[in-house]
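Read-outs: derived from the displayed coordinates by stated rules, not from any lab. From a predicted model like this one, the values you see are computed outputs, not experimental measurements. Ideal geometry is used to build each Cβ from the backbone, glycine not excepted, and the neighbour counts take in all protein chains shown.
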Amino acid sequence: MSYQGVYIMDLSSAQFVFSSDYPLLRCGLSEQEVLEQGLGYFSNLVPDTEKDILKDVQFMLTSGFAEIPMEDRRRLSMFLNFHINYDTHLIMVCHKLRFLDFDNDGNPRYMIGLVSPSVHSDGPVILAAIEDTDYVFSYSSENRRWEPLNVVHLSGDERSMLRLTTQGFSLDQIGRMMFKSVETIKFYRRQVFSKLGVKNISEAIAYATQYGMI
């Protein structure tokens, strides 16, 4: 978790419950200063050209879930890629959001966010993915709606290999846990690199994470 920031938010009040000490999350502020500002805190960081789409996101986080089946809401992740003003520079960050609890009407109550540098250079890019499926949607700020996004398909074994790699296991350990030979695990890696068009496992993990593949 050393390369990610973590926060928890109460969506009913649009207030932070917790904010970790991570440069691209705190941006020089203390935890108390971040907690006091609530969801509006992000609008102070983003450039004016991206403020409108974050308003759309705020609406989506507090409503607009009626058409999503409950079982899918619990497996839904959102990926918000946008610029922030950090130390006089514009930096692209990714917020991966998962919902922790829902009220009786099925609307999310609490949300956890993981913050890391984005793999995208242009933005904002707003994505939503349903875990363990190939369903990925991109939010169009122009049309103000979700549109299906064609992404690369990874097999179940390829996803498992990436997930175990992110947990720090070696090739030998992954092979034993998946009941596969080391050569098979290496084959999965080569397949993933080829499918995603990346050069190494770090790029593969970053790509797969920010497109909701793992």
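Placing unit charges on C-beta atoms (Lys and Arg positive, Asp and Glu negative, everything else neutral), compute the dipole magnitude of the range 1-121 about its Cα centre in debye, rounded to 20.
Values: 9 positive and 16 negative charges, 61 e Å.
Taking the Cα centre of the range 1-121 as origin, the dipole is about 300 debye.
Work out the length of the dipole vector of the chain about its Cα centre, built from +1 on the beta-carbon of each Lys and Arg and -1 on the beta-carbon of each Asp and Glu, and round it to the nearest 20 debye.
Approximately 820 debye in magnitude.
Mind checking which helices in the chain clear 20 Å along their axis (Cα) and have mean Kyte-Doolittle hydropathy of -0.5 or more, DSSP H runs only?
Counting only whole DSSP H runs, the qualifying helices are 182-196.
Along the charge dipole of the range 15-97, pointing to its positive end and built from +1/-1 on Cβ of Lys, Arg, Asp and Glu, which listed residue (68, 85, 16) has its Cα farthest out?
68
Once fully extended, how much extra length lies between residue 122 and residue 135, figured as 0.36 nm per residue of separation less the alpha-carbon to alpha-carbon distance?
Taking 0.36 nm per residue and subtracting the Cα distance, the gain is 2.4 nm.
Once the Cβ-Cβ distance between residue 56 and residue 170 is put in as r, and R0 is 45 Å, what FRET efficiency do you end up with, to the nearest 0.05?
0.60
Which length gain, in nm to one decimal place, applies between residue 10 and residue 152 when the Cα-Cα distance is subtracted from 0.36 nm times their residue separation?
Length gained, residue 10 through residue 152: 47.7 nm.
Using the 10 angstrom Cβ neighbour count as an exposure proxy, how do 213, 78, 92, 177 rank, fewest first? List each step's numbers first, then the result.
On the way: 213 25, 78 21, 92 18, 177 14.
Lowest to highest Cβ neighbour count: 177, 92, 78, 213.
Total Lys pairs in the chain closer than 29 Å by alpha-carbon, pairs eight or more apart in sequence or interchain only?
Lysine pair count for the chain: 9.
Can you give me the relative contact order of the chain as a percent, contacts being Cα pairs under 8 Å and 6 or more apart?
Relative contact order of the chain: 17 percent.
Zone of residue 190 (label point 7 Å along Cα→Cβ, backbone N under 16 Å): which residues in the range 132-173?
158
Within 10 Å, at most 10 other Cβ atoms, and a DSSP state outside H, G, I, E, B define an exposed site. Report the longest part of the chain free of exposed GluC sites (Glu not before Pro).
Within the chain, the longest run free of exposed GluC sites (Glu not before Pro) spans 68-141.
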